[in-house]
Amino acid sequence: MSVKPIREHTGKSLLARWLGEYSGGKHTYANPGVLVTPEVLNKTGGQTWDTILDANPWLQEQKLVAKPDQLIKRRGKAGLIAVNKTFSEAKDWVMERMCKEQKIETVTGQLTHFIIEPLVPHQQEEEFYICLHSTRNYDEILFYHEGGVDVGDVDEKAEKLQIPTGEGPTAALVKAKLLSKVPVAKLENLTSFVLSLYKFYRELHFAYLEINPLVMLSDNTVVPLDMAAKIDETAGFICAQRWGEVDWPPPFGRDAYPEEALIRDMDGKTGASLKLTILNDRGRVWTMVAGGGASVVYADTVADYGWGHELANYGEYSGAPSTEETFVYAKTLLSLMMKYKHPEGKFLIIGGGIANFTDVAATFTGLIKALEHFASDIKEHNIKIWIRRAGPNYVEGLRKVKVASDKLGLGIKVYGPETHITAVIPMALGLTAPLPE
């Protein structure tokens with residue numbers, strides 16, 4: 001399961017779109033707010049403050065809340081929530097921070113996306129906490145009868161209800177297990193909302209959904225004030241239409257790279273699995289690993305040998321990618337490696353387990369094409385390449401790579417299944433003596 005976090009605005013927009021249907025019309029959520037992007041800095045861009053107002057006239061009709069929408073935790077404690085503002089005040093607050101660096105705890109990054117939404121006046125006793133998350137064998141709902149920034153350790157305090165995979169909770173179960181401390185006047189409506197929220201969570205393939213606080217007003221209207229959510233991206237073939245266009249933001253403090261978007265786009269158009277995340281674009285250790293499990297093993301091994309701070313990327317190419325797809329993937333990695341020169345050189349470790357059905361010779365044909373494309377740059381940047389691979393046609397694949405290496409003068413070290421899967425890592429890093437090829 002590929003679980004990815006989404007923006008708060010995305011989660012709230014999905015809830016606004018689908019809550020009515022999944023509650024049989026009993027619950028609605030009318031206004032998820034508006035997402036403000038860096039386009040507002042360009043008066044001729046696609047999104048301007050005028051277009052925002054045209055599409056959202058309510059912004060000038062009520063008091064507002066503004067906050068960054070970039071997977072940032074504890075925004076209130078960091079002074080990053082503006083409350084009870086007019087539109088003009090909210091606009092000024094956003095513009096003062098847009099594309100400016102901000103340090104939050106130990107992480108520094110640029111603030112680039114903000115959500116502006118209606119202020120919901122309420123009392124402290126109207127705040128609740130709810131969280132839904134998935135494990136291998138069950139979903140779990142956590143509920144606490146008090147919510148807000150000072151809710152404390154919910155894992156310790158919250159009431160919990162585990163729902164085995166394939167089953168669903170009943171109203172009686174929700175009341176007994178989760179809502180025993182909820183005022184009687186709110187019990188029925190809150191029960192209905194929890195059941196509807198779980199259906200929304202399950203049908204749209206969320207893996208995590210936290211609302212804190214969840215507010216139930218005196219008229220029993222339920223409003224999510226603050227939301228954090230993650231979606232199982234692999235469910236896209238089932239419910240991409242229900243999701244609509246989803247923005248997958250990087251963690252705060254890490255820039256989104258166009259190369260990641262390129263590989264993500266390729267991944268969505270092929271039966272193979274192509275993944276790429278840039279961890280440190282100035283790092284010295286780069287990996288091109290076949291297989292999701294192997295990619296974890298390689299990353300862990302690099303870290304175990306004390307080189308985690310130099311690990312530049314994480315990803316995989318697997319599921320029998322074509323020669324062309326492998327070429328584009330390898331070319332993308334190599335182009336990233338060339339961005340910054342390091343005086344001590346860099347390492348590219350191309351590894352994987354023993355493939356079941358991926359034709360190693362075919363994928364390595366794409367790799368060789370990329371090596372030919374970057375041969376002079378590889379030598380200029382002093383990039384040492386180490387390969388360990390096995391599977392169908394691996395002998396031919398490794399032979400072709402070795403021939404290409406000798407022809408191009410790249411000095412690539414090549415190993416097959418006789419070598420342990422991660423043995424090339426300490427050899428590449430100069431920690432152990434190279435084995436005979």
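The values are calculated or read from the model by the stated rules, or taken from the named source; none is laboratory data. This structure is a prediction, so every number in the text was calculated from the model and none was measured. Cβ atoms come from the backbone with ideal geometry, glycine included; neighbour counts cover every protein chain shown. Quick note on the areas: whole protein, heavy atoms, side chains included, nothing else; ligands and nucleic acids left out. Shrake-Rupley method; radii C 1.70, N 1.55, O 1.52, S 1.80 Å.
Checked against a 30 Å cut-off, the cross-linked pairs Lys91/Lys186; Lys43/Lys341; Lys331/Lys407; Lys67/Lys339 give Cα-Cα distances beyond that limit for Lys91/Lys186; Lys43/Lys341; Lys67/Lys339. Amide H contacts of Gly352: Ala290, Arg388, each under 5 Å away and 5 or more positions distant or on a separate chain (H built 1.01 Å from N in the peptide plane; Pro and chain starts excluded). What is the sum of charges, Lys and Arg at +1 and Asp and Glu at -1, for the other residues whose Cβ falls under 13 Å from the Cβ of Leu217? With Lys, Arg at +1 and Asp, Glu at -1, the neighbours total -3.
Take every Cα-Cα pair in region 44-106 and report what % of them are more than 14 Å apart. The proportion of pairs with Cα distances above 14 Å equals 62 percent.
For the chain, the residue among Met288, Trp386, Thr234 whose Cα projects farthest onto the positive side of the dipole built from Cβ charges is Trp386. Of the residues His205, His113, ranked by 1.4 Å probe accessible area with the largest first, the sequence reads His205, His113.
The calculated P(r) of region 23-70, using every Cα pair and 5 Å bins from 0, goes 5, 16, 22, 23, 16, 10, 5, 3, 1 in percent.
On C-alpha positions alone, give me the angle between the axis of helix 323-337 and the longest principal axis of the chain, in degrees, nearest 10. Value to nearest ten degrees: 80. Using only protein heavy atoms and a 1.4 Å probe, report how much of His145 is accessible, in Å² to the nearest 10. For His145, solvent-accessible area is about 50 Å².
Sparsely packed loop sites in region 224-272 (the GluC sites (Glu not before Pro) outside DSSP H, G, I, E and B with at most 15 other Cβ atoms within 10 Å) comprise Glu245. Think of each Lys and Arg Cβ as +1 and each Asp and Glu Cβ as -1; about the Cα centre, that makes the dipole of the chain roughly 820 debye.
Our compactness index for region 290-399, the C-alpha radius of gyration over the empirical 2.2 N^0.38 Å, is 1.05. Share of region 55-100's accessible area from carbon and sulfur, percent, 1.4 Å? In region 55-100, the share of accessible area belonging to carbon and sulfur is 46 percent.
In this structure Tyr208 has an accessible area near 60 Å², from a 1.4 Å probe over the protein heavy atoms. Report, for the chain, the % of DSSP beta bridges that are antiparallel, rounded to 5. The antiparallel fraction comes to roughly 75 percent. Sparse packing (at most 11 other Cβ atoms within 10 Å of the Cβ) combined with a DSSP loop state is found for the following trypsin sites (Lys or Arg not before Pro) in region 73-145: Lys73, Arg74, Lys100, Arg136. Summed over qualifying helices (DSSP H, 4 residues or more, each -39500 (n - 2.57)) and divided by its residue number, the chain shows a 222 nm mean residue ellipticity of -10500 deg cm²/dmol. P(r) for region 88-172, please, calculated from all Cα pair distances in 10 Å bins and given in %. With a bin width of 10 Å, the distribution comes to 13, 25, 28, 25, 9. Measuring nothing but protein heavy atoms, the accessible surface of region 251-324 at 1.4 Å probe radius is 52 percent carbon and sulfur. Here region 1-116 is assigned +1 on the Cβ of each Lys and Arg and -1 on the Cβ of each Asp and Glu. Its dipole about the Cα centre then comes out at about 480 debye.
Taking θ as phi - 60° and the Karplus parameters 6.51, -1.76 and 1.60, the scalar couplings of region 373-385 work out to 5, 10, 3, 5, 5, 4, 6, 5, 8, 6, 9, 9, 10 Hz in sequence order, x denoting glycine and proline.
Per q in 0.11 Å⁻¹, report the Debye log10 I(q)/I(0) for the chain, using one uniform scatterer on each alpha carbon and no solvent. Values, matching the q order: -0.95.
Can you tell which of Leu14, Ile72, Tyr198 lies farthest toward the positive end of the dipole of the chain, using +1 and -1 charges on the Cβ of basic and acidic side chains (Lys, Arg; Asp, Glu)? Result: Ile72. Computed over neighbours whose Cβ is under 14 Å from that of Arg282, the net charge equals +1, Lys and Arg +1, Asp and Glu -1. The value obtained for region 264-339, namely the Cα convex hull volume divided by the number of residues, is 75 Å³ per residue. Radius of gyration (Cα atoms) of region 1-46, expressed as a multiple of 2.2 N^0.38 Å: 1.57. Among the GluC sites (Glu not before Pro) found in region 114-175, those both in a DSSP coil and sparsely packed, with 14 or fewer other Cβ atoms within 10 Å of their Cβ, are Glu167.
Summary of the geometry: region 332-402 and region 12-40, compared by the centres of their Cα atoms, lie 46 Å apart. In sequence order, region 73-83 has phi-based couplings of 8, 6, 5, x, 5, 8, x, 10, 10, 9, 10 Hz under the Karplus curve 6.51 cos²θ - 1.76 cosθ + 1.60, θ = phi - 60°, and Gly or Pro positions carry x. In order along region 29-46, phi translates into HN-Hα couplings of 9, 7, 9, x, x, 10, 8, 9, 10, x, 4, 5, 6, 9, 5, 9, x, x Hz, rounded to whole numbers, per the Karplus curve 6.51 cos²θ - 1.76 cosθ + 1.60 with θ = phi - 60° and x for Gly and Pro. Principal semi-axes of the equivalent ellipsoid, √(5λ) from the alpha carbon gyration tensor of region 165-245, are 26, 16, 10 Å from largest down.
Sorted largest first by accessible area at a 1.4 angstrom probe radius, with every protein chain in place, the residues His309, His9 fall in the order His309, His9. For the chain, the per residue solvent-accessible surface stands at 47 Å², with DNA, RNA and ligands left out and a 1.4 Å probe.
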